[in-house]
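**Q** Handing you a structure now.
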Amino acid sequence: SVQLWGGVACLDFANTLDGRATAQPEELVHTYGDLVAWSEHSGLLDATTSARLRERDADVTLRTALNLREAIFQVFAAIGRGEPPPALALDEVRRRYAEAATAARLGSDGAGLFDWHFDGDDPDRAWWPIAVDAVHLLTTGPLDRVKICAAEAGCIGLFLDTSKNRSRRWCTMQGCGIEAKVQ
């Protein structure tokens, strides 16, 4: 199963194209079924909804989700480098967030606050929470903790550095961290 090491759903989703700066990046979301399975694995869809959505054939939704993924990557990679995000990528994230918000309802999160909830079997439900998560990170931060994997092998995965002294350098210590230390 796909590792989730980004710290938040939108960065984890951006990382579903693995090894972006290598000669042969590995695509982890080939079909709409893969997208639904990823959303369930990351806790964005429950198993019952996931099973219903997997029966759909939604190529347009897959393309939309992958465009959103690339926009999220461009926005947060720029932020990780301390640069302004590309306007077109930021606009794609905004547009998808607006679509998701139109389909959402506000409801109690069970902890005394309110959060967005999605119902029904619209195929786009597999990516709506990702768009919401991206805008939440953009608007509430902590953007200064968004980082890019420092591995020289071409990983360039995105993650939220939650270490106390902000010293995390690699996507995973078990993967890129060990490779870097060996070199």
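The values are calculated or read from the model by the stated rules, or taken from the named source; none is laboratory data. Just so it is clear, the structure is predicted and the values come from calculations on it, not from any experiment. Neighbour counts are summed over all protein chains in view; Cβ atoms, including those assigned to glycine, are modelled from backbone coordinates with ideal geometry. Accessible surface is based on the protein model in full, side chains and every heavy atom, while ligands, DNA and RNA are left aside. Shrake-Rupley method; radii C 1.70, N 1.55, O 1.52, S 1.80 Å.
**Q** What length, rounded to one decimal in nm, is gained on full extension from R169 through to E55, with 0.36 nm per residue of separation minus their alpha-carbon distance?
**A** Using 0.36 nm per residue and subtracting the Cα-Cα distance, I get 37.1 nm.
**Q** How do 63-74, 138-149 rank on mean C-beta neighbours within 10 Å, highest first?
**A** Packing order, densest peptide first, comes out as 63-74, 138-149.
**Q** For the charge dipole of segment 59-183, defined by +1 on Lys and Arg C-beta atoms and -1 on Asp and Glu C-beta atoms about the Cα centroid, which residue among T139, W170, I79 has the Cα displaced farthest towards the positive pole?
**A** Value computed over the given set: W170.
**Q** Another question, if that's okay. If you count only protein heavy atoms with a 1.4 Å probe, what accessible area per residue comes out for segment 1-116, rounded to a whole Å²?
**A** On the way: 6160 Å² over 116 residues.
Heavy-atom accessible area per residue stands at 53 Å².
**Q** Note down the magnitude of the dipole of segment 1-141 about its Cα centre, charges +1 on Lys and Arg C-beta and -1 on Asp and Glu C-beta and zero elsewhere, to the nearest 20 debye.
**A** Dipole about the Cα centre, nearest 20: 280 debye.
**Q** For the chain, can you list the cysteines whose C-beta has no other cysteine C-beta under 4.7 Å from it?
**A** Result for the chain is C10, C176, no neighbouring Cys Cβ within the cutoff.
**Q** On to the next question. Dipole of the chain (Lys/Arg Cβ +1, Asp/Glu Cβ -1, origin at the Cα centre): which of L53, V36, S108 lies farthest to the positive side?
**A** S108
**Q** To test your reading of the geometry: what angle, between 0 and 90 degrees and rounded to tens, separates the Cα axis of helix 32-41 from the longest principal axis of the chain?
**A** It is inclined by approximately 80 degrees.
**Q** Tally up the carbon and sulfur contribution to the accessible surface of segment 43-153 as a whole percent, 1.4 Å probe, everything protein left in place.
**A** Working: 3100 of 5850 Å².
Reported share for carbon and sulfur atoms: 53 percent.
**Q** If r is the Cβ-Cβ distance from A21 to A98 and R0 is 30 Å, what FRET efficiency results, to the nearest 0.05? Don't jump to the answer; show the numbers that get you there.
**A** Numbers: r = 31 Å, r/R0 = 1.03.
So the FRET efficiency works out to roughly 0.45.
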